[in-house]
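Everything below concerns the one structure shown next.
The values are calculated or read from the model by the stated rules, or taken from the named source; none is laboratory data. Computed from a predicted structure; not experimentally measured. Cβ atoms come from the backbone with ideal geometry, glycine included; neighbour counts cover every protein chain shown. Surface accessibility is based on the protein's heavy atoms, side chains included, excluding ligands, DNA and RNA. Shrake-Rupley method; radii C 1.70, N 1.55, O 1.52, S 1.80 Å.
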Amino acid sequence: MNEIKACIFDLDGVVVDTAKYHYLAWKRLAQELGFEFTEQHNERLKGVSRMRSLEILLEVGGLSFPLDEMERMAAKKNAWYVEYIERMTPDEILPGAKELLEELRANGIKVSLGSASKNSPLILERIGLQDHFDAVIDGNSVTVAKPAPDIFLVAAKSLGVNPEFCVVFEDAEAGIEAAINAGMRTVGIGNPQILNRADVVVPNLKGFTYSKLIELFLKK
């Protein structure tokens, strides 16, 4: 197996959980429009773009609007989401994430963020992890979303590391596909049935160490 020189982390569901704030913002919009948007409805929005999420929400409410009005609604939802994440604190870092980032860098492994969220810099600042990454590649850095490999390829290039020496940590099926398409190895965070194409799947990063990474990928 190839040497590991870099690790690339998705943000939501791996380092922090911001999905709850997306849900609160969509629910608030639905209430303003006069209908209920439940957590079950919200399951349909996972891994979906903002505008497609809005289309699904309007389907739930049996409503339709012209494109310019939908763009206004999407912007309002995002403003509410930013309002929520501006209140985030370091207490919201998911178990094991900070410790793993620090241990990887202490062992000479380069670390990048690879997230579709355009709010990644704000989130990292609020949770105090902005100095834990050698590069931050987010939705402002690429135009083609996962499962296209672009975001991970840009991250690898920013770190000066070839894709075959990178390991990606992802919680979404589209993210695992993107990493595979980039020619990188993968650690899935979450359900092994959903993330079945990942090289390794773990429930979370709690107790996941540099030694564990080496054991999984280099000592087979």
Requested in this report: Just need a number here: residues in the range 42-98 that are among the hydrophobic types (A, V, I, L, M, F, W, C), in contact with a helix residue (DSSP H, G or I) (Cβ under 9 Å, 6 or more places away or on another chain) and either closer than 17 Å to residue 12 by Cβ or assigned to a loop (DSSP other than H, G, I, E, B) (or both).
Outcome: 9
Query raised in the report: So which of 91, 134 ends up being of a type in the set (Asp, Glu), touching a strand residue (DSSP E or B) at 6+ places or on another chain (Cβ under 8 Å) and more than 27 Å from residue 54 (Cα to Cα)?
Result: 134
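Test residue 107 against the criterion of being touching a residue at least 60 places away in the same chain (Cβ under 8 Å) and either of a type in the set (A, V, I, L, M) or in contact with a helix residue (DSSP H, G or I) (Cβ under 8 Å, 6 or more places away or on another chain) (or both), and give yes or no. Step through it out loud before you land on a result.
On the way: touching a residue at least 60 places away in the same chain (Cβ under 8 Å): yes; either of a type in the set (A, V, I, L, M) or in contact with a helix residue (DSSP H, G or I) (Cβ under 8 Å, 6 or more places away or on another chain) (or both): yes.
For residue 107, the condition - touching a residue at least 60 places away in the same chain (Cβ under 8 Å) and either of a type in the set (A, V, I, L, M) or in contact with a helix residue (DSSP H, G or I) (Cβ under 8 Å, 6 or more places away or on another chain) (or both) - is met.
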Report task. Specify which of the listed residues (72, 28, 44) is at pLDDT 95 or above, open to solvent by 60 Å² or more (accessible area, probe 1.4 Å) and out of contact with any Lys or Arg (no Cβ under 9 Å at 6 or more places or on another chain). Result -> 72
Query raised in the report: Given the residues 72, 28, 44, which is the only one that is free of Cβ contacts under 8 Å to residues at least 12 places away in the same chain and on the phi < 0 side of the Ramachandran plot?
Result: 72
Report task. Taking the residues in the range 166-220 that are open to solvent by 60 Å² or more (accessible area, probe 1.4 Å), among the charged types (D, E, K, R) and without any contact (Cβ under 8 Å) to a residue 40 or more places away in the chain as candidates, determine which candidate is farthest from residue 139 (Cα to Cα). Result -> 219
Query raised in the report: Just a yes or no: is a residue in the range 1-18 open to solvent by 10 Å² or more (accessible area, probe 1.4 Å), in a helix (DSSP H, G or I) and on the phi < 0 side of the Ramachandran plot?
Result: no
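Name the single residue that is nearest to residue 110 (Cα to Cα) among those in the range 137-159 being open to solvent by 60 Å² or more (accessible area, probe 1.4 Å) and touching a residue at least 12 places away in the same chain (Cβ under 8 Å). Can you show your working first?
Step one: filter the range 137-159 for residues open to solvent by 60 Å² or more (accessible area, probe 1.4 Å), giving 140, 143-145, 147, 153, 157-158.
Filter once more, so that each one left must be touching a residue at least 12 places away in the same chain (Cβ under 8 Å): 140, 145, 147, 153, 158.
Numbers: 140: 21, 145: 23, 147: 23, 153: 14, 158: 10 Å.
Looking at residues that are open to solvent by 60 Å² or more (accessible area, probe 1.4 Å) and touching a residue at least 12 places away in the same chain (Cβ under 8 Å), I get 158.
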Report summary line: (1) within 14 Å of residue 8 (Cβ to Cβ); (2) out of contact with any helix residue (DSSP H, G or I) (no Cβ under 7 Å at 6 or more places or on another chain) all hold for residue 198 apart from (2)
Requested in this report: Kindly establish whether residue 134 is open to solvent by 60 Å² or more (accessible area, probe 1.4 Å) and either at pLDDT below 95 or farther than 24 Å from residue 79 by Cβ (or both).
Outcome: yes
Query raised in the report: So is residue 68 over 30 Å from residue 3 (Cα atoms) and over 19 Å from the mean Cα position of the chain (by Cα) or not?
Result: yes
